[in-house]
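Only one structure is covered here, and it is reproduced in the block below.
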Amino acid sequence: MLQSLFMSFTDTRSRDLRTPFSVDVVGLENYTRALGDPVFRKAMLNTAYFVVVGVPLTLLVALAAAVALDRGITRLRGVFRLGFYTPVITSIVAVAVVWRFLLETDYGLINTVLGWVGVDGPNWLGDPSWSMPSLILMATWRNFGTGMIIFLAGLQAVPWNLHEAAAIDGASAWQRFRHITLPLMRPTILFVSVTTGIGYLQFFEEPFVLTNGGPLNSTKSMSMYTYEQFGFGNYGYAASISYIIFVLVAVVTAIQFRLLREEK
């Protein structure tokens, strides 16, 4: 870590690997270059879009599935739990192949179904307006199972006698969920939100295997841009970007702790 931090303040390139002590210290030049790079700024906006939309959506789907498994689904509960969690442990390559078939413009299953009801489906992966929503949809489907398992544990830890007392006092199911379940699950929600947010801030696999950052850099993430710069041999520059991502992860995590921590 210390070596990579030092590297971020140097002009280290692939040719310098044979003579690592001949590199020049350039100070904050790599950082200012990154923040002034329009491609990296675009990658930052793409990542922000992915996090702002993807994290709440993943949490909502995970919580809904957990509530359904906890109270709604009574038969074949184990089968549903396994089915919801299976995408988490499935290879991203296999997932990408399946979703490519689903999102294919002319013969994909999604556009075919839309065509049955008279809707002309978009070019999901080839249109800059739809490419990121497509990746968010896939990421939500692939990752909500982890949050679901954790939320399910949190729901089962809520004392049921509190619900019974509130029901006797005339509280509806929604009121009990809002005023009893959610407040008691704040630590669980915080944990899932933080871990999901950290993962989504570093999202790389989805654009790498599905869109390669396109079209027109509309799905290029900060991690993918960092990976490309390392591949180009710009080690010092890439290291500086990785520390920018590190700082952003720390800031977002601190904000989440501030908003979701337990009230005293």
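Out of curiosity, is ASN161 free of Cβ contacts under 8 Å to residues at least 40 places away in the same chain and among the polar types (S, T, N, Q)?
Yes; evaluated as a whole, the condition is true for this residue.
Take the residues in the range 1-15 that are assigned to a helix (DSSP H, G or I) and free of Cβ contacts under 8 Å to residues at least 40 places away in the same chain; name whichever of them is least open to solvent (accessible area, probe 1.4 Å).
PHE6
Give me the residue from the range 37-81 that is touching a Lys or Arg at 6+ places or on another chain (Cβ under 8 Å) and either more than 22 Å from PRO159 (Cα to Cα) or without any contact (Cβ under 8 Å) to a residue 40 or more places away in the chain (or both) and, out of that set, surrounded by the fewest Cβ atoms within 10 Å (Cβ to Cβ).
Residue satisfying both the conditions and the ranking: VAL39.
Among the numbered criteria (1) open to solvent by 10 Å² or more (accessible area, probe 1.4 Å); (2) modelled with pLDDT under 90; (3) not in a helix (DSSP H, G or I), which one does GLY213 miss?
Every listed condition holds for GLY213 apart from (1).
Taking the stated definitions as given, is TYR200 of a type in the set (Phe, Trp, Tyr), open to solvent by less than 20 Å² (accessible area, probe 1.4 Å) and under 15 Å from ILE136 (Cα atoms)?
yes
Checking TYR107 against (1) among the hydroxyl-bearing types (Ser, Thr, Tyr); (2) open to solvent by 60 Å² or more (accessible area, probe 1.4 Å); (3) under 16 Å from VAL209 (Cα atoms), which test does it fail?
So the condition that TYR107 fails would be (3).
Quick test of your reading of the structure: THR112 fulfils all but one of (1) surrounded by 12 or more Cβ atoms within 10 Å (Cβ to Cβ); (2) within 16 Å of PHE208 (Cα to Cα); (3) without any contact (Cβ under 8 Å) to a residue 12 or more places away in the chain. Name the failing condition by number.
Here THR112 clears every test but (2).
What do you reckon, is ASN30 open to solvent by less than 40 Å² (accessible area, probe 1.4 Å) and touching a residue at least 24 places away in the same chain (Cβ under 8 Å)?
For ASN30, the condition - open to solvent by less than 40 Å² (accessible area, probe 1.4 Å) and touching a residue at least 24 places away in the same chain (Cβ under 8 Å) - is met.
Only one residue in THR112, THR146 is modelled with pLDDT of 90 or more, of a type in the set (Ser, Thr, Tyr) and under 22 Å from ARG77 (Cβ atoms), so which one is that?
On inspection, the qualifying residue turns out to be THR146.
Given the condition of a type outside the set (S, T, N, Q), more than 25 Å from the chain's Cα centre (by Cα) and within 24 Å of TYR85 (Cα to Cα), answer yes or no: does some residue in the range 150-157 qualify?
yes
What helices (runs of 4 or more DSSP H) lie completely within the range 60-147 and have 1 or more residues being in contact with an Asp or Glu (Cβ under 6 Å, 6 or more places away or on another chain) and closer than 19 Å to PHE204 by Cα?
92-103
For the range 226-259, enumerate the residues that are of a type outside the set (Ser, Thr, Tyr), surrounded by 16 or more Cβ atoms within 10 Å (Cβ to Cβ), in a helix (DSSP H, G or I) and in contact (Cβ under 8 Å) with a residue 40 or more places away in the chain.
Result: GLY236, ALA239, ILE241, ILE244, ILE245, LEU248, VAL249, VAL252, GLN256.
The values are calculated or read from the model by the stated rules, or taken from the named source; none is laboratory data. Being a predicted model, the structure only gives us computed values, none of them experimental. Heads up, the Cβs are rebuilt from the backbone with ideal geometry, glycines too, and the neighbour counts pull from every protein chain shown. Each accessible area value is taken on the protein alone, full model and side chains, heavy atoms only, with ligands, DNA and RNA left out. Shrake-Rupley method; radii C 1.70, N 1.55, O 1.52, S 1.80 Å.
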